[in-house]
Amino acid sequence: MVVKGEESDKILELFLKIGLDERTARNTIANNKVTANLTAVVHEAALANGCDRAIGNLLYTVATKYPANALVHRPKLLEYVVSSKIKTPARLEAAFSFLSNVASEEFKRNEFEEACGVGVEVSLEELTQTVNEIFEEYKAVILERRYRTNVGELFGSIRKKHPWADPKMAKQLVDAKMYELLGERTAADDEKPSKKKEKKEKPAKVEKAVVDETPAQPSEEELNPFSIFPAPEDNIKVHTEVSFSNGSVLRCYNTRERLDNHLKVTAGRVFTRFPPEPNGYLHIGHAKAMFVDFGLAKERGGCCYLRYDDTNPEAEKKEYINHIEEIVQWMGWEPFKITYTSDYFQELYELAVELIRRGHAYVDHQTPEEIKEYREKKMNSPWRDRPIAESLKLFDDMKRGLIEEGKATLRMKQDMQSDNFNMYDLIAYRIKFTPHPHAGDQWCIYPSYDYAHCIVDSLENITHSLCTLEFETRRASYYWLLHVLDLYQPYVWEYSRLNVTNTVMSKRKLNYIVTNKYVDGWDDPRLMTLAGLRRRGVTSTAINSFVRGIGITRSDCSMIRLDRLEYHIREELNKTAPRVLVVLHPLKVVITNLESGSVLDLDAKKWPDARTDDTSAFYKVPFSNVVYIECSDFRMKDSKDYYGLAPGKSALLRYAFPIKCTDVILADDKETVLEIRAEYDPSKKSKPKGVLHWVAEPSPGSDPLKIEVRLFDKLFNSENPAELDNWLTDLSPNSKVVVPNAYAVPSLGKAAVGDTFQFERLGYFTVDKDSTAEKLVFNRTVTLKDTYSKGGK
């Protein structure tokens, strides 16, 4: 329910009283879930009349991060916060970890206080001594790097020794020690570190590649993001509490006997599953899901199923099934076993019959519109209390195809007056006279996701059922169903969806722009589908590195900037993509003092740090009296900040010689440059500042190798087009620019589909599948310019 009017003003006033700034308070009110949690926390803490900002910030953290399985202990934690016994984020995070493990079991005060550092005070003298010791240990590095020193690593060492120290005090001591050791900060300290160059060359309009920077000291969770998950043998604690409208509360957990039986089957190993629906191509959000599901199993020495959630035969295709299996392998993951929800259709049917027998399901005849209306009004279906025997017969009729499609459904008998709409008698089965891609025409009734998902998790003995946050409200239904059927209950944990700027991630929207040909298929390089990213030249290593860097957080509604992904792509390709010379928009340069027909074979580097004695690190480029440079590297009017070619000005041809413009041939309009005349300096005594990339005629009168280059950019202009009503109008007309006749060095002609190169000064490019024997096609993977690292990784 959306907070409006006077009620909204009261809540805003409450949030301001606890020290939230107005912007944060208003943003919080826009999120109903956080608003409800924070309001409850403030009243539980008895701070409705206000508190200082430090305590208010901790209350906000409690409202957003407190473990749901330990709500019974939240008032105790708030006592510690209000009394300032827990007064730092580090202590609060330790409290969350402790309480998450305790769940609803007995709260042991001594163990809690020890785990959270309650009463532990680090004196100024102790902290000063530790800072001095750490600075002595890192002194050589600090003196070398000065104010570019990674202070995060220093703070990490301090936290390791004094986890409960005041972080503000630690920062003051570190800042003071840096000043004592280094003195005033200089202009040189603010310069960005750069890679060493062989020569003092200043390329024309060079887009700088990513600068290597020392990463901050990683936390334990960054080193091992899976450390937050419990062991299978600990899966006996209360998973969740389901509150019913009659005042009763269902506490969902495994009995010791049930857990022991599960552990016998799994031998105590972790079992996870990656459960995509085969109704479209996987996108980068699925890469995060794969990382979580397969990654946890791999880290714990366990197993991960690839399970196709194929409960909707109308939307599923064999094409999608094949694609998913192939792309999972490309991403570097190996399934323990490939299964289908449809493999369990018989077991699911038998359990549905048992659900009816136990009085927890009934056959309903309401239309979809009537079901929607009754749910909105929290009204029971007229058929909710029909006799069990009647529902059993009707369900059998449904199975045998004796009831028309749309005339009956099987619904779970949950709680129509619940505050959780996912307990409003969800549909378990519906009739569909549609053949199934995997099960064939054996069935005409199909289970719903809400019914099948949790049961198959249990049947496959999944230890950790991991999903995105939009499924959090389905926890109640998930555990209710397993409870009433007396089935093993996996540990469920939700994490935030991966949302990337300037694209859409909804399968519905992706399907729309693909089927309506706004893009060139599911593997269009502009899409964030994994097939599209692969075709663009992005490696699975870069994608997994990007996903790992984001972490497995529960921060909802977060939007990850596209340049963060591009940073990881550059980091990978900078190590793996050999350099070559390509000119996108050629401008002819005739070198008048080099004999026509004379061709020199020069050495060009594949790698910036190539050793002169390593012949494999070089390739040959022809140099003749006709070369081509980029049109943008020539101007008729020179300026001080321009390092390209201009009349009377010199520039260095990369790996070759300096040339000086001596004449310009113009078209009849006296503006368009047709050709440049130049002289080269074979002695290389002149030292021009500008460095140009170029391609020469390989032999007299023959053009260089022609290639097609596709320059891809952001698909949408807005960062979040999905929130726009007319989102299709936000498609960028410049997301794909085709350069049909670029020039390349001859060695590039041997490239194969999927090969990736750095076109010097232009970016990273990969050979596209549209290439033919007559002409290669290259897709731009990413430019050389990096914006993400400038703002921090």
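The values are calculated or read from the model by the stated rules, or taken from the named source; none is laboratory data. Please read these numbers as outputs of a predicted model, since none were measured by experiment. Note: ideal-geometry Cβ built from the backbone for every residue, glycine included; neighbour counts use all protein chains shown. With ligands, DNA and RNA removed, areas are computed over all heavy atoms of the protein, side chains included. Shrake-Rupley method; radii C 1.70, N 1.55, O 1.52, S 1.80 Å.
Numbers for the structure displayed
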quantity	calculated
Lone unmet requirement of (1) closer than 17 Å to Lys288 by Cβ; (2) without any contact (Cβ under 8 Å) to a residue 40 or more places away in the chain; (3) open to solvent by 70 Å² or more (accessible area, probe 1.4 Å) for Thr612	(1)
Some residue of the stretch 153-170 being modelled with pLDDT of 80 or more, surrounded by 17 or more Cβ atoms within 10 Å (Cβ to Cβ), in the same structural domain as Glu133 (by the TED database) and among the aromatic types (Phe, Trp, Tyr)	yes
Which numbered condition Ile55 fails, given (1) modelled with pLDDT of 90 or more; (2) over 30 Å from Val242 (Cβ atoms); (3) open to solvent by 70 Å² or more (accessible area, probe 1.4 Å)	(3)
Arg526, sole failed condition from (1) at pLDDT 95 or above; (2) assigned to a helix (DSSP H, G or I); (3) open to solvent by less than 50 Å² (accessible area, probe 1.4 Å)	(2)
Subset of the stretch 697-707 (residues that are open to solvent by less than 50 Å² (accessible area, probe 1.4 Å), part of a strand (DSSP E or B) and either of a type in the set (Lys, Arg) or closer than 9 Å to Tyr743 by Cα (or both))	Ile707
Checklist (1) under 36 Å from the mean Cα position of the chain (by Cα); (2) open to solvent by 80 Å² or more (accessible area, probe 1.4 Å) applied to Phe112, failing item	(2)
When residues of the stretch 595-607 are limited to those that are open to solvent by 30 Å² or more (accessible area, probe 1.4 Å) and outside any loop (DSSP other than H, G, I, E, B), the one nearest to Ile665 (Cα to Cα)	Leu600
Residue check, Asn279 in contact (Cβ under 8 Å) with a residue 12 or more places away in the chain, within 27 Å of Leu562 (Cβ to Cβ) and assigned to a loop (DSSP other than H, G, I, E, B)	yes
Residue match in the stretch 499-511 (condition: part of a helix (DSSP H, G or I), touching a strand residue (DSSP E or B) at 6+ places or on another chain (Cβ under 6 Å) and either among the charged types (D, E, K, R) or under 29 Å from Asn69 (Cβ atoms) (or both))	no
Filter result for Ala722 (touching a His at 6+ places or on another chain (Cβ under 9 Å) and either open to solvent by 40 Å² or more (accessible area, probe 1.4 Å) or assigned to a strand (DSSP E or B) (or both))	no
Filter result (open to solvent by less than 60 Å² (accessible area, probe 1.4 Å) and in contact with a helix residue (DSSP H, G or I) (Cβ under 7 Å, 6 or more places away or on another chain)) within the stretch 65-87	Tyr66, Pro67, Asn69, Ala70, His73, Arg74, Pro75, Leu77, Leu78, Val81, Val82, Ile86
Test: residue in the stretch 605-617 that is modelled with pLDDT of 95 or more, hydrophobic (A, V, I, L, M, F, W, C) and in contact with a helix residue (DSSP H, G or I) (Cβ under 8 Å, 6 or more places away or on another chain)	no
Condition check for Tyr488: open to solvent by 10 Å² or more (accessible area, probe 1.4 Å), at negative phi and either among the hydroxyl-bearing types (Ser, Thr, Tyr) or assigned by the TED database to the domain that holds Leu259 (or both)	yes
Failed condition for Ala476, given (1) in the same structural domain as Leu259 (by the TED database); (2) on the phi > 0 side of the Ramachandran plot	(2)
Test: residue in the stretch 13-25 that is crowded, with 19+ Cβ neighbours inside 10 Å, touching a Leu at 6+ places or on another chain (Cβ under 9 Å) and either in the same structural domain as Tyr253 (by the TED database) or among the polar types (S, T, N, Q) (or both)	no
Qualifying residue in the stretch 545-555 (condition: surrounded by 19 or more Cβ atoms within 10 Å (Cβ to Cβ) and in contact with a Pro (Cβ under 6 Å, 6 or more places away or on another chain))	yes
Residue that is under 24 Å from Arg535 (Cβ atoms), at pLDDT 90 or above and open to solvent by 50 Å² or more (accessible area, probe 1.4 Å), where the choices are Glu233, Glu319, Glu299	Glu319
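Yes/no matrix, rows are residues, columns are (1) under 30 Å from Asn741 (Cβ atoms); (2) assigned to a loop (DSSP other than H, G, I, E, B):
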{"position": "Arg554", "(1), (2)": "no, yes"}
{"position": "Leu565", "(1), (2)": "no, no"}
{"position": "Asn593", "(1), (2)": "yes, yes"}
{"position": "Asp609", "(1), (2)": "no, yes"}
{"position": "Thr612", "(1), (2)": "no, yes"}
{"position": "Val621", "(1), (2)": "yes, no"}
{"position": "Val627", "(1), (2)": "yes, no"}
{"position": "Ser632", "(1), (2)": "yes, no"}
{"position": "Lys637", "(1), (2)": "yes, yes"}
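Yes/no matrix, rows are residues, columns are (1) among the charged types (D, E, K, R); (2) more than 36 Å from the chain's Cα centre (by Cα); (3) open to solvent by 70 Å² or more (accessible area, probe 1.4 Å):
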| position | (1), (2), (3) |
| --- | --- |
| Ala103 | no, no, no |
| Glu106 | yes, yes, yes |
| Gly117 | no, no, no |
| Asn132 | no, yes, no |
| Phe135 | no, yes, no |
| Lys139 | yes, yes, yes |
| Glu144 | yes, no, yes |
| Tyr147 | no, no, no |
